[in-house]
Amino acid sequence: MNSQWLDSILKAVPTLRVAVVGDFFLDEYLMIDSSRDELSRETGLTAYQVVERRALPGAAGTVVNNLQALGCGSVMAVGLIGDDGRGLELSRGLEMAGTDTEYLLKSPERATPTYTKPMRDEGGTQRELNRLDIKNWSPTPQGLEARIIEILNYLQNHVDAIIIADQVEEEGCGVITRSVRDHLADSVKEYGTAPVFVDSRSHMGEYRHVILKPNEAEARWAVGSTPGDTVSIREIGRRLQRQTHRPVFLTRGEKGQLVFSRDAVWEVDCLPAAGPVDIVGAGDSTMAGIVTAHCAGLPLPECALFGNLVASVTVTKLGTTGTASPAELQERMVQYAGQKLIRRDDE
């Protein structure tokens with residue numbers, strides 16, 4: 001890893017066209033000043049006082065934010081939002097960053113998914129209180145499901161890569177339903193169009209013919225393994241690669257990544273960040289890095305290394321789902337220039 005290597009990626013990024021398809025949430029931060037606590041006369045409970053509110057695109061929106069920060073030329077958001085104020089705020093946030101929201105479908109049949117995160121200031125330290133979630137608990141209407149599939153069909157021939165952000169754990173209630181997954185597997189296998197990268201919390205094992213980016217727990221779940229069994233994580237990754245017939249980028253936090261292709265396994269080191277870290281959104285920034293490097297033509301293990309580099313910057317952004325700029329990547333890369341950070345498993 002050196003300046004020339006990084007420059008080769010960053011020079012390619014402005015020409016890339018990437019579609020992010022999936023569950024877009026509004027991340028709403030409520031900043032609470034503990035010194036202003038009041039006693040509610042009606043309930044006798046402490047009333048927290050919000051002194052600042054921040055809202056920005058989250059979940060699939062975090063992937064978009066990272067692609068934009070890297071300088072990606074064209075980013076398209078594909079998903080479902082409600083015909084409500086939160087949906088308006090979410091779409092405006094994406095558009096302000098330069099994202100194409102033509103395929104961010106607005107429907108009165110859906111609520112805009114929202115993560116409300118109260119942050120309480122206690123003695124100069126921010127502590128996140130219980131999160132408040134707004135999600136859809138009814139199945140996605142078939143008409144909207146069909147529209148998502150139609151958009152996917154179009155985009156496969158008009159972008160350099162597609163990222164699937166399958167955030168919603170309740171089956172059938174998000175953007176990526178079983179019908180969408182099945183259609184995606186069939187279309188990718190038959191037409192071999194733009195590479196598809198998938199990050200899925202609960203449905204990783206149901207994808208075929210796409211590139212997966214699971215963490216350890218998601219990978220085990222996908223192949224029916226449990227944390228207590230004796231199956232090694234390398235065997236888990238090999239099973240998942242054989243199952244999907246595509247590469248697998250298995251993230252392991254401070255242990256870095258394991259990358260599985262049909263013929264090889266690589267271990268790619270983590271790039272530890274100094275000081276306190278916030279890992280919220282680290283997986284999304286890693287995904288953005290992997291995809292941009294892949295589109296730039298880098299080998300699989302180097303794609304993982306660039307993903308680790310991006311995440312090593314974003315985890316230093318406390319109290320928010322951070323992004324990494326090219327300048328920050330240049331500065332971070334200097335600390336690891338010349339080090340051997342990739343090893344093939346048989347070395």
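The values are calculated or read from the model by the stated rules, or taken from the named source; none is laboratory data. Remember, it's a predicted structure, so these values are computed and weren't measured experimentally. Cβ placement follows ideal geometry from the backbone for every residue including glycine, while neighbour counts extend to all protein chains displayed.
For the stretch 329-347, enumerate the residues that are at pLDDT 90 or above and surrounded by 18 or more Cβ atoms within 10 Å (Cβ to Cβ).
Scanning the stretch 329-347 gives Leu329, Leu341, Ile342.
Cβ contacts < 9 Å: first residue on the phi > 0 side of the Ramachandran plot, restricted to the stretch 111-139; second residue assigned to a loop (DSSP other than H, G, I, E, B) and surrounded by 11 or more Cβ atoms within 10 Å (Cβ to Cβ), any location; separation 6+ or different chain. Result?
Cβ pairs passing all conditions: none.
Scan the stretch 86-102 residue by residue and report those that are touching a residue at least 24 places away in the same chain (Cβ under 8 Å) and of a type outside the set (Lys, Arg). Full working, then the answer.
Step one: list which residues in the stretch 86-102 are touching a residue at least 24 places away in the same chain (Cβ under 8 Å), which gives 86-87, 89-90, 93-94, 97-102.
Of everything in the stretch 86-102, those that are touching a residue at least 24 places away in the same chain (Cβ under 8 Å) and of a type outside the set (Lys, Arg) turn out to be Gly87, Glu89, Leu90, Gly93, Leu94, Ala97, Gly98, Thr99, Asp100, Thr101, Glu102.
Can you pull out every residue in the stretch 24-56 that is part of a strand (DSSP E or B) and either acidic (Asp, Glu) or crowded, with 24+ Cβ neighbours inside 10 Å (or both)? Talk me through it step by step, then tell me what you get.
The initial filter retains those residues of the stretch 24-56 that are part of a strand (DSSP E or B), namely 24-33, 38-39, 46-47, 50-56.
Phe24, Phe25, Leu26, Asp27, Glu28, Asp33, Glu38, Glu52 - these are the residues of the stretch 24-56 that are part of a strand (DSSP E or B) and either acidic (Asp, Glu) or crowded, with 24+ Cβ neighbours inside 10 Å (or both).
Go through the stretch 120-150 residue by residue and tally those that are among the hydrophobic types (A, V, I, L, M, F, W, C) and under 16 Å from Asp186 (Cβ atoms).
Counting residues in the stretch 120-150 that are among the hydrophobic types (A, V, I, L, M, F, W, C) and under 16 Å from Asp186 (Cβ atoms) gives 3.
Please indicate, with yes or no, whether at least one residue in the stretch 68-84 is charged (D, E, K, R) and without any contact (Cβ under 8 Å) to a residue 24 or more places away in the chain.
Let us first name the residues in the stretch 68-84 that are charged (D, E, K, R), namely 83-84.
Adding the requirement that they be without any contact (Cβ under 8 Å) to a residue 24 or more places away in the chain leaves none.
The answer is no, given that none of the residues of the stretch 68-84 is charged (D, E, K, R) and without any contact (Cβ under 8 Å) to a residue 24 or more places away in the chain.
Within the stretch 181-189, is there a residue that is on the phi > 0 side of the Ramachandran plot and either modelled with pLDDT under 90 or surrounded by fewer than 18 Cβ atoms within 10 Å (Cβ to Cβ) (or both)?
Within the stretch 181-189, not a single residue is on the phi > 0 side of the Ramachandran plot and either modelled with pLDDT under 90 or surrounded by fewer than 18 Cβ atoms within 10 Å (Cβ to Cβ) (or both).
Asp83: within 29 Å of Leu184 (Cα to Cα) and either among the acidic types (Asp, Glu) or at pLDDT 95 or above (or both), yes or no?
Taking the combined requirement at face value, the residue satisfies it.
Quick one: would you say Ile164 is within 20 Å of the chain's Cα centre (by Cα) and not charged (D, E, K, R)?
So Ile164 fits the description; yes.
List pairs: first residue in the stretch 208-223 and within 21 Å of Asp186 (Cα to Cα) and touching a residue at least 40 places away in the same chain (Cβ under 8 Å), second residue assigned to a strand (DSSP E or B) and acidic (Asp, Glu) anywhere in the structure, Cβ distance under 8 angstrom, at least six positions apart or on different chains.
Lys213/Asp199
Given the criterion touching a Lys or Arg at 6+ places or on another chain (Cβ under 9 Å) and aromatic (Phe, Trp, Tyr), identify the matching residue among Trp221, Trp266.
None of the others qualify; the one that does is Trp266.
Mind listing whichever residues of the stretch 29-54 are under 24 Å from the mean Cα position of the chain (by Cα) and at pLDDT below 95?
Let us first name the residues in the stretch 29-54 that are under 24 Å from the mean Cα position of the chain (by Cα), namely 29-30, 53-54.
Once the filter is applied, which keeps residues that are under 24 Å from the mean Cα position of the chain (by Cα) and at pLDDT below 95, the stretch 29-54 yields Tyr29, Arg54.
Which residue, of Ala273, Ala219, is over 23 Å from Glu128 (Cβ atoms) and either under 18 Å from the mean Cα position of the chain (by Cα) or surrounded by fewer than 24 Cβ atoms within 10 Å (Cβ to Cβ) (or both)?
After applying the criteria, what remains is Ala219.
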